[in-house]
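Working notes, structure below.
The values are calculated or read from the model by the stated rules, or taken from the named source; none is laboratory data. Not measured: the values here are computed from a predicted model. Neighbour counts run over all protein chains shown; Cβ positions are idealised from the backbone, glycine included.
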Amino acid sequence: MYKIIAVEDGLSNVTQALHNAGFKTTPLEGEPLKNVRAVVVKGDGTDILAQDWPVKMPVINASGRSADEIVDVLRDRLS
């Protein structure tokens, strides 16, 4: 089963790296987060996720990380 990762808009390099590593992605904005295993956000100060968000899953801050580093973090956290 593929691991589906929700990726915030504007992180196309991360989306491509995730696809290359065998992950499936879905947009974070405007989509139900059904079957999503983790979320990748830009970390630019905008709070796209509400504080009372009822879902417990890894949220990866992409700020200051390369796309390959994010793939490695997700592999580690989801293994």
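Before moving on, here are some points about what is shown:
- A search for C-beta distances below 8 Å between a residue of region 48-66 that is over 19 Å from Gly30 (Cβ atoms) and any residue that is at pLDDT below 75, counting only pairs 6+ apart in sequence or on different chains, returns Ser63/Asp44.
- Complete set of residues in region 1-11 that are surrounded by fewer than 18 Cβ atoms within 10 Å (Cβ to Cβ) and over 17 Å from Arg77 (Cα atoms): Asp9, Gly10
- Taking each residue of region 12-34 that is under 16 Å from Leu74 (Cα atoms) and looking for partners that are surrounded by fewer than 11 Cβ atoms within 10 Å (Cβ to Cβ) and modelled with pLDDT under 95 with beta-carbon atoms closer than 8 Å, six or more apart or interchain, yields Gly22/Tyr2; Phe23/Tyr2; Lys24/Tyr2.
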